[in-house]
Amino acid sequence: QVQLVESGGGLVQAGGSLRLSCAASGIAFSIYNLGWYRQAPGKQRELVATITNGGSTNYADSVKGRFTISRDNAKNMVYLQMDSLEPEDTAVYYCNVEWLTLNYWGQGTQVTVSS
């Protein structure tokens, strides 16, 4: 059974930082491409950052230079370090893992940035 459990969300003031974590189980973690997505109220889910099984990263333009995605294959963990947070970053953040036709989502963690 595949499980993805996010943690680390919360309320932070603009300019602050948060680190999201996603613990994966039930998959051969190291072969998966990993990602963080977010969905704000009334908006579609959007890509925030991805990291391939080879370690290549990709970021949405809106978070480049502020967010950093990383993975620890030994611990089956993926992280999102979020710095210089802005009110526009307020959303539910979701962990995603995918490989070939396999694609799984976590339940999400709320991030709220106050101005």
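So which trypsin sites (Lys or Arg not before Pro) in the range 15-115 pass both tests, a DSSP loop state and at most 14 other Cβ atoms within 10 Å of the Cβ? Here the trypsin sites (Lys or Arg not before Pro) that fit, given the DSSP loop and packing criteria, are LYS43, LYS64, LYS75.
Model label sites at MET77 and LYS64, defined 7 Å from Cα along the beta-carbon direction, differ in position by 2.9 nm.
With R₀ set to 25 Å, the beta-carbon distance separating LYS43 from GLU86 gives a calculated FRET efficiency near 0.95.
For the range 20-97, the solvent-accessible area with a 1.4 angstrom probe is 45 square angstrom per residue.
Across the range 16-31, computed HN-Hα scalar couplings (Karplus, 6.51 cos²θ - 1.76 cosθ + 1.60, θ = phi - 60°) run x, 10, 9, 10, 8, 10, 9, 9, 10, 8, x, 9, 7, 3, 5, 8 Hz from first to last residue, x flagging Gly and Pro. Surface composition of the chain: carbon and sulfur atoms hold 48% of the protein heavy-atom accessible area at a 1.4 Å probe. Of all DSSP bridge pairs formed entirely within the chain, close to 90 percent run antiparallel.
The values are calculated or read from the model by the stated rules, or taken from the named source; none is laboratory data. What you see is a predicted model, and the numbers here were worked out from it, not measured in a lab. Here the Cβ is made from the backbone with ideal geometry for all residues, glycine too, and neighbour counts use every protein chain on show. Protein only, heavy atoms only, side chains kept; ligands, DNA and RNA dropped before computing areas. Shrake-Rupley method; radii C 1.70, N 1.55, O 1.52, S 1.80 Å.
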